[in-house]
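Structure, as structure tokens:
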Ligand SMILES: Nc1ncnc2c1ncn2[C@@H]1O[C@H](COP(=O)(O)OP(=O)(O)OP(=O)(O)O)[C@@H](O)[C@H]1O
């Protein structure tokens, strides 16, 4: 019979107990260590990869108050709070054993033991040890992934008065649990700001969960946000927590809230009001504890007047409203962004000596930036990649300025209405890339999802 890959340590001052336990356990488990005193426990824990410790409660002859058992139990758990400790005790000491569980022991075994019960208790302990191990690996992986993402979303760049004012609100609001609604055009940095609020919040060590409501179909909305029970619908192969539960002790960022269909708005309102979610197909209501942040590029206040967005939901989500101005309204920030992204991409593409020509700089400063910060980021990246010499020139950016579009196709730009110009630019990008959404989105400085939303909006 193959043995279970596990190391069990048994500590008891009674040699007969040690011997019979060893005889039983070594048939089942790969490594069984026996000790007559817990004094070497530090060394053993640091040297051996121990999965389960079976610890007697009393070591001094004539004493059965369990004090030593408690002492060593606390000591072991102070070295490793997840260690599985099973206490061994005699019939008259059950109260002691129960108290030891309150202190963190996994379980207790009565002496003389039944072999079957003894092995079942150890196996249950091993199962827990395995899941603790998995959880600790998952936690580390999660922390590493989180760090990666945090590095991608660096500091808040911008020194304009607009950004300074906005940051004073961020300072005030971050450490509270107020719901915050972030408004702003595409690419202005709504997600970036939401992450900054999370980083400065009391739940900064918890997860930051981002949900793009614009990309969720109605059928997926409930199961993604609230979770589901196995069998709740055809593809529900296993129980799954929703994003509200995943964001426990962290921040849930509901992006593109304006895209939520009206019938789902009332569901979301109830959840936010009650701070409870029910998984699909399950009757249980689960409380959640997550900071809620929201964002949209839609004129949400106007939509309330037009009946497209529920006023009561808006009142729930905008305890504090922060509007990020478009880049064209804070031109002082352009040069900061140019320098910031230029340094990042010079280092990424190993072009440390690259310079920006004065014409290139002039073009960057005067460009209209309809795609806001994301557009600057992509433009600088493209410039760094395309430049052949020591300097980036305007042609390396391939920027389509409003003026040039207007001149080349003057009949289209009779008006400078932003919506019409935006529609034209989207069409131009699609024509240029022969309908390739990914390339057109990149050129426009948008995500694919954002471009799809515009195609729908402009009926293209
Ligand atoms: N103030 C800022 N400082 C540094 N980087 C920024 C800033 N604002 C935006 N960015 C960067 O610009 C890019 C676009 O920002 P982000 O995705 O947050 O915009 P958004 O408004 O959420 O866009 P969308 O509406 O398309 O979802 C990201 O790479 C982000 O890190």
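The values are calculated or read from the model by the stated rules, or taken from the named source; none is laboratory data. Only a predicted model underlies this, so the values are computations on that prediction, with no experimental measurement involved. We place every Cβ from the backbone using ideal geometry, glycine too, and count neighbours over all the protein chains shown.
When restricted to residues that are away from the ligand (no atom under 12 Å from the Cβ) and either assigned to a strand (DSSP E or B) or in the same structural domain as residue 422 (by TED's automatic domain parsing) (or both), segment 318-327 contains 2.
In the set 342, 315, 309, 294, only one residue is farther than 25 Å from residue 457 by Cβ and either touching a helix residue (DSSP H, G or I) at 6+ places or on another chain (Cβ under 6 Å) or within 14 Å of the ligand (Cβ to nearest atom) (or both); that residue is 342.
Residue 336 meets all of the listed conditions (1) more than 14 Å from the ligand (Cβ to nearest atom); (2) surrounded by fewer than 17 Cβ atoms within 10 Å (Cβ to Cβ) but one, namely (1). Evaluate the following for residue 367: is it outside the structural domain of residue 265 (by TED's automatic domain parsing), more than 23 Å from residue 151 (Cβ to Cβ), out of contact with any strand residue (DSSP E or B) (no Cβ under 6 Å at 6 or more places or on another chain) and within 16 Å of the ligand (Cβ to nearest atom)? So residue 367 passes the test. Criterion applied to 449, 360, 429, 441 was being within 16 Å of the ligand (Cβ to nearest atom), within 27 Å of residue 192 (Cβ to Cβ), in contact with a strand residue (DSSP E or B) (Cβ under 7 Å, 6 or more places away or on another chain) and at pLDDT 80 or above, and the one residue passing it is 449.
Under the condition of being out of contact with any helix residue (DSSP H, G or I) (no Cβ under 7 Å at 6 or more places or on another chain) and either not assigned by TED's automatic domain parsing to the domain that holds residue 104 or not in a loop (DSSP other than H, G, I, E, B) (or both), the residues counted in segment 57-71 number 3.
Those helices (runs of 4 or more DSSP H) of segment 179-287 in which at least 2 residues are without any contact (Cβ under 8 Å) to a residue 40 or more places away in the chain, away from the ligand (no atom under 16 Å from the Cβ) and surrounded by fewer than 20 Cβ atoms within 10 Å (Cβ to Cβ), considering only elements entirely within it, cover 218-226, 262-274. Restricting to segment 116-160, what's the tally of residues that are in a helix (DSSP H, G or I) and within 14 Å of the ligand (Cβ to nearest atom)? Residues flagged as in a helix (DSSP H, G or I) and within 14 Å of the ligand (Cβ to nearest atom) within segment 116-160 amount to 5.
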